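Comments concern the structure below.
The values are calculated or read from the model by the stated rules, or taken from the named source; none is laboratory data. Keep in mind it's a predicted model, so treat the numbers as computed, not measured. Here the Cβ positions follow ideal geometry from the backbone for every residue, glycine too, while neighbour counts run over all protein chains shown. Just so you know, the surface numbers come from the protein's heavy atoms only, side chains and all, with ligands and any DNA or RNA stripped out. Shrake-Rupley method; radii C 1.70, N 1.55, O 1.52, S 1.80 Å.
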Amino acid sequence: MKTLPLAISLFLFWVAPAHALTEKDLVARYCAGMITEFYNPDGTRTDCISDTHAIEVDFSDKWAESIGQALHYSLWTVEFTENPDAYPRWHRQVPSARAPGVILLCREDRRLEICANHAVRPRRIAEQFKIPLAIWLCNPDTDMTLETCQRIDQ
């Protein structure tokens with residue numbers, strides 16, 4: 001099988017539609033500069049940990065699942081601060097508690113209005129139950145960094 005020249009491969013990478021990207025590619029994009037793929041002592045994996053948040057990255061139609069995962073990941077950072085000797089390796093990486101956060105990705109086959117409706121649901125839950133949940137709504141076709149995504153907090 002013949003391979004494409006490097007220049008053509010790079011060109012196709014840059015013009016490829018966002019729906020061709022995997023969730024792992026999007027985690028790398030939106031979690032740039034953070035701790036990524038962080039394995040918790042219970043075997044779960046936090047997508048990214050910033051200086052302030054333990055974040056789950058998922059597609060917007062999985063908004064309910066993402067809330068639960070973010071809350072669970074945030075609990076691990078609290079456990080690190082309350083009992084650092086129990087998890088010394090993890091405590092060195094995450095020495096202070098992090099709030100839960102979700103990055104919701106708008107699928108290419110969804111209108112942005114539908115994705116925005118998905119993002120409103122976790123915001124309403126966070127408000128009702130006074131959860132300090134950070135929510136970012138990202139359109140992988142146009143938002144190239146987390147800073148360009150829409151942040152929706154209570």
Filtering the range 108-132 down to residues that are surrounded by fewer than 16 Cβ atoms within 10 Å (Cβ to Cβ) and touching a residue at least 60 places away in the same chain (Cβ under 8 Å), which residue is farthest from residue 57 (Cα to Cα)?
-> 109
Matching residues in the range 57-72 - criterion: being open to solvent by 10 Å² or more (accessible area, probe 1.4 Å) and either acidic (Asp, Glu) or not in a helix (DSSP H, G or I) (or both) = 59, 61, 65
Hey, residue 52 farther than 26 Å from residue 114 by Cβ, out of contact with any helix residue (DSSP H, G or I) (no Cβ under 8 Å at 6 or more places or on another chain) and open to solvent by 50 Å² or more (accessible area, probe 1.4 Å) or not = yes
Selection from the range 24-36 of residues surrounded by fewer than 19 Cβ atoms within 10 Å (Cβ to Cβ) and either within 12 Å of residue 93 (Cβ to Cβ) or in contact with a helix residue (DSSP H, G or I) (Cβ under 6 Å, 6 or more places away or on another chain) (or both) yields 34, 35, 36
Out of 75, 104, which single residue is open to solvent by 50 Å² or more (accessible area, probe 1.4 Å), aliphatic (A, V, I, L, M) and either at negative phi or in a loop (DSSP other than H, G, I, E, B) (or both)?
-> 75
Matching residues in the range 14-50 (outside any helix (DSSP H, G or I), among the small types (Gly, Ala, Ser) and at pLDDT below 95) number 2
Selection count where residues are more than 15 Å from residue 55 (Cβ to Cβ) and either modelled with pLDDT of 90 or more or not basic (Lys, Arg) (or both), scope the range 97-128 = 17
